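Notes for the one structure printed next.
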Amino acid sequence: MFASMLMFCEVTNPRQLWDAHWESLSDDIEAMTCCERDDPAVTLSEDALKDRALYEIDLVLILNGHHLEDFPTLPKSNYIPSVHGRNRLVQEELAYDQHSMSTNVNNVEDRLNDD
């Protein structure tokens, strides 16, 4: 929902919104981490919770053609997904809009040289 608000609601101060609601935005992060690590005793620090929540928000943004970097007032995530079986760079590369790229190729193809 946070990512949707950033993309579609013209939030004037994303950082203020993040600071006010980061706890509710990250309330399931610890449970996700317990499942991923198969360890019900996992506890995460506040910084680790924020990092993972920002990472998950960035994934949603990437799937919709945006990045956390598009919102310069928001903190950046230091979460390292490869440790947990996800690779952010691979996900980002796979998140392109195939329809848009296909249309672009069709439009540009006609302008190529015959050589």
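The values are calculated or read from the model by the stated rules, or taken from the named source; none is laboratory data. For clarity, every value in this text was computed on a predicted model and none was experimentally measured. In this analysis, Cβ positions are derived from the backbone assuming ideal geometry, glycine residues included, and neighbour counts consider all displayed protein chains.
Structural remarks
- Tally of residues being over 8 Å from the mean Cα position of the chain (by Cα) and closer than 18 Å to GLU23 by Cα across region 45-72: 9
- Residues of region 2-21 classified as closer than 17 Å to LEU49 by Cα and either acidic (Asp, Glu) or out of contact with any helix residue (DSSP H, G or I) (no Cβ under 6 Å at 6 or more places or on another chain) (or both), total: 6
- Residue ID - modelled with the lowest pLDDT, chosen from residues in region 93-115 that are among the aliphatic types (A, V, I, L, M) and part of a loop (DSSP other than H, G, I, E, B): ALA95
- Which numbered condition LYS76 misses (of (1) charged (D, E, K, R); (2) part of a loop (DSSP other than H, G, I, E, B); (3) modelled with pLDDT of 85 or more; (4) more than 13 Å from the chain's Cα centre (by Cα)): (4)
- Residues in region 37-67 that are without any contact (Cβ under 8 Å) to a residue 60 or more places away in the chain, surrounded by 15 or more Cβ atoms within 10 Å (Cβ to Cβ) and assigned to a loop (DSSP other than H, G, I, E, B): VAL42, LEU44.
- Any chance VAL90 is modelled with pLDDT of 85 or more, at negative phi and of a type in the set (A, V, I, L, M, F, W, C): no
- Within region 1-19, the set of residues being without any contact (Cβ under 8 Å) to a residue 60 or more places away in the chain and either touching a Ser or Thr at 6+ places or on another chain (Cβ under 9 Å) or exposed (fewer than 11 other Cβ atoms within 10 Å of the Cβ) (or both) comprises MET1, PHE8, CYS9, GLU10, THR12, GLN16, TRP18.
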